[in-house]
Amino acid sequence: MTESQPRKPAPNDGQTVRSTRVQPVRGTHDLIGESARRHFHVIETARRVAATYGFDEWSTPIFEETAVFARGLGDTSDVVMKEMYSFTDRGGESLTLRPEATAGVCRALVTNGLTQSLPQKVFYTGPMFRYERPQKGRYRQFHQIDVEVLGSPEPLADAEVIACGWSILQALGVAQDVVLELNTLGDRESRMAYREALIAYFSTHKEALSEDSRLRLERNPLRVVDSKDPGDKAIVADAPTIHPYLNEHSAAFYGKLREHLARIGVPVVENPRIVRGLDYYSHTAFEFVTSQLGAQGTVLGGGRYDGLVEEMGGPHTPCVGWAAGVERLSMLLAQPPAAPAGIAVIPAAEAQEGAALDIVQALRTAGIRAEMAYRGNLKRRMERANKTGAHTAIILGESELARGVAQVKNLSTGDQQEIALSELAEKLA
Ligand code: ATP
Ligand code: MG
């Protein structure tokens with residue numbers, strides 16, 4: 001985020017080149033080869049499955065006004081702010097690289113005047129930025145897939161959002177490694193009652209709590225339930241759960257959601273320790289967790305956030321959604337997707353290059369992956385075809401071309417046959 005300094009042109013006599021050794025930024029990673037295939041397989045699978053649920057893809061800017069992510073709430077500042085990549089641009093505005101998709105999607109809903117056209121069902125994918133301590137499954141630039149239903153207060157929306165996540169995990173072949181943990185936070189009234197109970201309980205253990213938790217105790221005891229501190233966890237284990245404090249509406253909502261999930265066939269484990277500390281969350285909270293990724297075991301997290309759009313100056317708009325880490329899902333894939341294989345078009349000599357170019361273009365127009373090496377004799381080009389994993393080679397010799405045919409060789413079986421040039425695209429499609 002530093003301003004680039006105008007560089008003095010390096011003295012250059014035409015012989016020497018001044019170079020700077022460049023490095024990737026800590027906590028970032030490149031996607032190349034197998035890691036790229038895993039990554040895009042996750043995204044494409046999610047996109048395809050989300051479309052079957054009726055979600056439409058949105059894209060919003062990678063940076064937003066800082067206020068989109070930090071809306072001046074007491075607690076947001078200490079949770080989110082310390083992880084945010086914020087900077088002041090040349091115009092003096094405070095901007096932030098998005099740490100998550102939901103806030104930008106809600107901002108877009110409001111500023112595009114879509115709060116009158118509800119519900120909106122949004123699929124989203126892209127890079128996110130958080131200043132965290134990099135480790136396995138935790139990066140400073142990472143990627144999420146994300147679905148949101150904006151403008152639906154019905155538990156059917158929660159069920160559909162969760163089912164969509166489950167279907168994506170199934171389509172990726174990782175569902176057997178992942179468990180859906182579900183909880184409810186109830187509505188505001190229920191949460192207020194629960195809050196009192198938590199304050200009463202934690203107050204009796206005040207001395208044993210971590211300093212952070214002691215500070216949060218009065219203001220936001222739900223955050224104590226969420227504490228990662230081992231000492232706190234032991235105390236939290238015996239803390240009251242929200243269930244006795246749910247009012248009629250909240251209990252009915254949660255009951256309906258579980259009924260829908262059972263009907264769809266999504267297996268659920270109830271976990272009363274899943275909470276969200278921010279005021280705009282209500283009712284449903286869930287995570288899909290795995291034991292395969294060590295400490296970074298949450299692959300997908302989500303819930304209902306009925307108050308967020310209002311906090312951004314929009315009308316009351318109940319919403320539910322989730323986000324999943326593409327890197328964590330990529331690591332769970334048992335097999336990397338196979339490298340794509342195509343057709344290698346091979347001119348026997350330079351004289352056949354023009355005809356080969358016509359054929360390679362015709363194959364591409366027919367939607368077939370086809371390549372021609374840029375140089376080399378027949379042998380070199382065959383070697384290159386094998387190296388790139390081509391499944392078929394089309395060999396163009398002088399005499400074949402004269403007869404309007406080509407030799408077509410299956411590179412895995414070695415079988416070879418002659419095919420008329422005019423029929424190539426159709427036969428190989
Ligand atoms: P965690 O508890 O792992 O920090 P989180 O609660 O911050 O996760 P969310 O904000 O709910 O995570 O984001 C949803 C998902 O995005 C997470 O479940 C995880 O798979 C992924 N994710 C979050 N932060 C990172 C990161 N720094 N690097 C890679 N993936 C991440
Ligand atoms: Mg985090």
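Every number in this text was worked out from the coordinates using simple rules, so none of it is lab data. Model, not experiment: these values are computed from the prediction. Cβ sites come from the backbone with ideal geometry, for glycine too, and all protein chains shown count toward neighbours.
When the Karplus curve 6.51 cos²θ - 1.76 cosθ + 1.60 is applied with θ = phi - 60°, which whole-Hz ³J(HN,Hα) does each residue of segment 140-157 get, with x for Gly and Pro?
Each residue's phi maps through the Karplus curve to give 8, 10, 9, 10, 10, 10, 7, 10, 9, 10, 9, x, 10, x, 7, x, 4, 5 Hz.
Pick from Val147, Val309, Val236: which residue has the top mean-square fluctuation in a GNM of the chain where Cα pairs under 10 Å get a spring?
Comparing Val147, Val309, Val236 in the GNM, the peak value goes to Val236.
Any idea what angle helix 353-365 forms with the longest principal axis of the chain, computed on alpha-carbon atoms, 0 to 90 degrees, nearest 10?
The answer is roughly 30 degrees.
Please give the per residue volume of the convex hull enclosing the alpha carbon atoms of the chain, rounded to a whole number of Å³.
On the way: hull volume 91.7 nm³, N = 429.
Spread over its residues, the Cα hull of the chain gives 214 Å³ apiece.
Can you tell me which of Lys82, Lys409, Lys228 moves the most in a GNM of the chain? Springs connect C-alpha atoms under 10 Å apart.
For the chain, modelled as a Gaussian network with Cα springs under 10 Å, the answer is Lys409.
Once amide H atoms are placed 1.01 Å from N in the peptide plane, what residues at a sequence separation of 5 or more from Leu185, or on another chain, have their amide H within under 5 Å of its amide H?
Those lying under 5 Å, H to H, from Leu185 are His283, Thr284, Ala285.
Sort Ser94, Ser282, Ser35 so that the residue with the fewest other Cβ atoms within 10 Å of its own Cβ comes first and the one with the most comes last.
Numbers: Ser94 12, Ser282 24, Ser35 15.
Sorted ascending by nearby Cβ count, the order is Ser94, Ser35, Ser282.
What do you get for the angle between helix 378-387 and the principal long axis of the chain? Use alpha-carbon atoms, 0 to 90 degrees, nearest ten.
Its long axis makes an angle of about 20 degrees.
Between Ala101, Ala159, Ala402, which gets the highest mean-square fluctuation from a Gaussian network model of the chain, Cα cutoff 10 Å?
Ala402
May I ask you to compute the full-extension gain from Ala36 to Ala200, defined as 0.36 nm times their residue separation minus their alpha-carbon distance, rounded to one decimal in nm?
Numbers: separation 164, 0.36 × 164 = 59.04 nm, distance 5.07 nm.
Length gained between Ala36 and Ala200: 54.0 nm.
Which residues' amide hydrogens lie under 5 Å from the amide hydrogen of Leu396, considering only partners 5 or more residues apart or on another chain, with H built in the peptide plane?
Ile346, Ala348
Taking H as built 1.01 Å from N, whose amide H comes closer than 5 Å to the amide H of Gly297, not counting residues under 5 places away?
Amide H neighbours of Gly297: none.
Would you mind checking the pairs Lys206/Lys228; Lys136/Lys228; Lys82/Lys121; Lys136/Lys387; Lys206/Lys233; Lys82/Lys233 and listing those with alpha carbons more than 21 angstrom apart? Don't jump to the answer; show the numbers that get you there.
Working: Lys206/Lys228 16 Å; Lys136/Lys228 18 Å; Lys82/Lys121 31 Å; Lys136/Lys387 32 Å; Lys206/Lys233 13 Å; Lys82/Lys233 23 Å.
Those over the limit are Lys82/Lys121; Lys136/Lys387; Lys82/Lys233.
What value, in deg cm²/dmol to 500, does the helix sum -39500 (n - 2.57) over DSSP H runs of n ≥ 4 give at 222 nm once divided by the residues of the chain?
Details: 16 runs with 155 residues, N = 429.
Computed ellipticity for the chain at 222 nm equals -10500 deg cm²/dmol.
How big is the shadow of the Cα convex hull of segment 343-428, averaged over all directions, in nm²? Kindly include the intermediate steps, with their values, before the conclusion.
Values: hull surface 19.5 nm².
Averaging across all directions leaves 4.9 nm² for the Cα convex hull.
Using θ = phi - 60° and the Karplus curve 6.51 cos²θ - 1.76 cosθ + 1.60, what whole-Hz ³J(HN,Hα) does each residue of segment 111-121 get, with Gly and Pro shown as x?
6, 9, x, 8, 5, 9, 10, 10, x, 10, 10
Explain nothing, just compute: Karplus ³J(HN,Hα) = 6.51 cos²θ - 1.76 cosθ + 1.60, θ = phi - 60°, for every residue of segment 47-57 in order, whole Hz, x for Gly and Pro.
4, 5, 5, 4, 5, 5, 8, x, 7, 9, 7
Kirkwood hydrodynamic radius (Cα pairs, Å) of segment 226-330?
Working: mean 1/r = 0.0631 Å⁻¹.
Across segment 226-330, the inverse of the average 1/r is 15.9 Å.
Which order results if Phe253, Phe286 are arranged by neighbouring Cβ count within 10 Å, fewest first?
Details: Phe253 24, Phe286 27.
By the 10 Å Cβ count, ascending: Phe253, Phe286.
Going by how many other beta carbons lie within 10 Å of each one, how would you line up Glu83, Glu207, fewest first? Let's see the in-between values first.
On the way: Glu83 13, Glu207 6.
Exposure proxy ranking, most exposed first: Glu207, Glu83.
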